Amino acid sequence: MNEGMLSVDDPDHPLYTMAQVTEALGVTAPVLRRWERAGLVRPERTAGGQRRYSRREIEKLQHVAQLAGEGMTASGIRRVLDLEQRIDELEDRLASRDAERPQDAERPGDRPAGEEG
């Protein structure tokens, strides 16, 4: 967490109980536990063993619930989440590579119209 940031401002801070999440998402506790066993979410645990979910996990669970509502199985949902994460990573790599490339550099094959090599 960033210095000076309150835990309630941190999207990764586990603040929400299972009851709060089930109410917010409109799913049952057994469904959340099943998604956890399937590896779709990994809530933090308190010293007493109670699950706590972050805002980021709740957003992910909203997506999981949407996919499940469309008829996807837990293994299918896990595959979709893995592929989405991979796409995000590749887009980040491309963006950083593009940021490092000089904007004015002429790329091979880029020639003004009418010029031949």
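On the stretch given as the stretch 64-79, residues that are surrounded by fewer than 15 Cβ atoms within 10 Å (Cβ to Cβ) and within 25 Å of Leu15 (Cβ to Cβ) total 1.
Gly49 fulfils the conditions (1) part of a helix (DSSP H, G or I); (2) loosely packed, with under 13 Cβ neighbours inside 10 Å; (3) at pLDDT 90 or above except for a single criterion, (1).
Within the stretch 14-43, take every residue that is part of a loop (DSSP other than H, G, I, E, B) and of a type in the set (A, V, I, L, M, F, W, C) and give me the one that is nearest to Arg79 (Cα to Cα). Here the residue is Leu40.
The values are calculated or read from the model by the stated rules, or taken from the named source; none is laboratory data. Everything quoted here is computed from the prediction, not taken from an experiment. Positions of Cβ are generated from backbone atoms using ideal geometry, with glycine treated the same way; all protein chains shown enter the neighbour counts.
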